[in-house]
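*Asks:* Sharing a structure, written as structure tokens. Questions coming.
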Amino acid sequence: MDRTDSEHFQSGELSGFPGGELVELGLHDLANGVYSDESLLVMIAAPRLRALGLTVPELPKTSESFEHALYFDLFDRDPLRAYTKYNALIGLIVSFANAYSHLK
């Protein structure tokens, strides 16, 4: 993959990294203007992902931060596990960014 033009990555190219499938889904949803757990997660990590050369489409701002929007979405579906799920997703996006950064 050409790291300077990652907008054209083929489906599955990021899945070899921890959390890569979530990033692919999030990028796809962002490109289509869809709010999802995955797109919110990618928006949380967008500054770092962009610094790594990934093209991250913008998602219109919500009334709350992307972090809060993701947490509240998780909480609405499963209040007892929202905190654990949120932390697991953040851990995955951090792992993805760390692994992806080693390609440089």
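*Asks:* Could you list, in sequence order, the residues of the range 77-99 that are of a type outside the set (S, T, N, Q) and either within 21 Å of Asn32 (Cβ to Cβ) or within 13 Å of the chain's Cα centre (by Cα) (or both)? I'd like the intermediate steps shown before the answer.
*Replies:* Within the range 77-99, the first condition is being of a type outside the set (S, T, N, Q), and the residues that meet it are 77-83, 85-86, 88-94, 96-97, 99.
Once the filter is applied, which keeps residues that are of a type outside the set (S, T, N, Q) and either within 21 Å of Asn32 (Cβ to Cβ) or within 13 Å of the chain's Cα centre (by Cα) (or both), the range 77-99 yields Tyr86, Ala88, Leu89, Ile90, Gly91, Leu92, Ile93, Val94, Phe96, Ala97.
*Asks:* When the range 15-43 is examined, which residues are found to be surrounded by fewer than 17 Cβ atoms within 10 Å (Cβ to Cβ) and at positive phi?
*Replies:* Matches in the range 15-43: Gly33 only.
*Asks:* Is one or more of the residues making up the range 54-61 out of contact with any Gly (no Cβ under 8 Å at 6 or more places or on another chain), in a helix (DSSP H, G or I) and under 26 Å from His102 (Cβ atoms)?
*Replies:* No.
*Asks:* Residue under question is Leu74, and the condition is that it be within 13 Å of the chain's Cα centre (by Cα) and either at negative phi or in a helix (DSSP H, G or I) (or both); does it hold?
*Replies:* Here the answer is no, as Leu74 does not meet what is asked.
*Asks:* Specify the residue that is surrounded by the most Cβ atoms within 10 Å (Cβ to Cβ); the eligible residues are those in the range 77-91 that are among the charged types (D, E, K, R) and assigned to a helix (DSSP H, G or I).
*Replies:* Lys85
*Asks:* Exactly one condition in (1) crowded, with 19+ Cβ neighbours inside 10 Å; (2) assigned to a helix (DSSP H, G or I) is not met by Arg48; state its number.
*Replies:* (1)
Read-outs throughout are calculated quantities, based only on the coordinates presented, and are distinct from any laboratory measurement. Computed from a prediction, not measured in an experiment: that's the story for all the values here. Cβ atoms come from the backbone with ideal geometry, glycine included; neighbour counts cover every protein chain shown.
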